[in-house]
Amino acid sequence: MQELFTRHSVRQYADKPVEEEKINTLLKAAMAAPTAGNQQEWEFVVVTDPEVKKQAAAASPYAGCAAKAGALIVPVGDPVSCRFPECFDADMAAAMENILLEAVHLDLGGVWLAIAPFKDRIAGLQQALGLPENVIPFAIASIGYPAKPKAEDGRNYDFSRVHRDRY
Ligand SMILES: Cc1cc2nc3c(=O)[nH]c(=O)nc-3n(C[C@H](O)[C@H](O)[C@H](O)COP(=O)(O)O)c2cc1C
């Protein structure tokens, strides 16, 4: 799966909307992710309105690029009422990664913008998206057509980090 190796964070976007069909495919990718006990505690807020994007971007000091993205996808859920609350973050993270990988497959680019567990960011995004207090926005997947062509894969795969049988 080549997308896995070419994915990188994209924070600058062309001034071009993301087609609804592609947004739907990204949402399908998110919901294809595994969850603990198959609890599927996620819901997703899709943001394309420029004013709401701007407000969402303001929820974190490190989310400025969200204002100019084609679309934002925000996995949200209630970490208290789900069956395996301890696994909430892992479930949400798996959905996030699926979105980012599928974005590459669709010739889009994206970046993971941290919201949880920072209380001020959660509160800011809850307000921007009109979420009730019990529904926590986990992160923002900021998605768009990359402004620049894809960089070549320049990663160093460091196999000294791999331990066999025992650490
Ligand atoms: C949990 C998590 C939180 C992140 N939060 C932010 C963020 O708030 N703002 C941002 O610009 N990038 C954020 N990133 C993107 C990372 O900076 C990026 O993945 C990392 O620098 C590696 O670069 P790459 O994605 O191009 O491989 C986050 C990534 C992860 C996994």
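Details
- Considering only residues in the stretch 1-54 that are polar (S, T, N, Q) and within 16 Å of the ligand (Cβ to nearest atom), the one that is surrounded by the fewest Cβ atoms within 10 Å (Cβ to Cβ) turns out to be GLN2.
- Checked against (1) closer than 29 Å to PHE88 by Cα; (2) more than 14 Å from the ligand (Cβ to nearest atom), ARG121 passes all but condition (2).
- Contacts under 7 angstrom Cβ, first residue in the stretch 99-114 being among the β-branched types (Val, Ile, Thr), partner more than 11 Å from the ligand (Cβ to nearest atom), 6 or more apart: ILE99/LEU26; ILE99/ALA29; ILE99/ALA30; ILE99/ILE73; VAL104/GLU3
- Here GLU86, GLU97 are screened, and the one residue that is within 12 Å of the ligand (Cβ to nearest atom) and closer than 21 Å to ALA36 by Cβ is GLU97.
- Single match in GLY70, GLY154 (criterion: at pLDDT 95 or above and not aliphatic (A, V, I, L, M)): GLY70
- Pairing residues of the stretch 44-59 that are modelled with pLDDT under 95 with residues that are not hydroxyl-bearing (Ser, Thr, Tyr), at Cβ distances under 9 Å and at least 6 apart in sequence or on separate chains, gives no pairs at all.
- Matching residues in the stretch 55-65 - criterion: being in a loop (DSSP other than H, G, I, E, B) and either crowded, with 19+ Cβ neighbours inside 10 Å or more than 16 Å from the ligand (Cβ to nearest atom) (or both): ALA59, SER60, ALA63
The values are calculated or read from the model by the stated rules, or taken from the named source; none is laboratory data. Treat the numbers as computed from the prediction; the structure is a model and nothing was measured. So basically every Cβ, Gly included, is an ideal-geometry build from the backbone, and we count neighbours across all protein chains shown.
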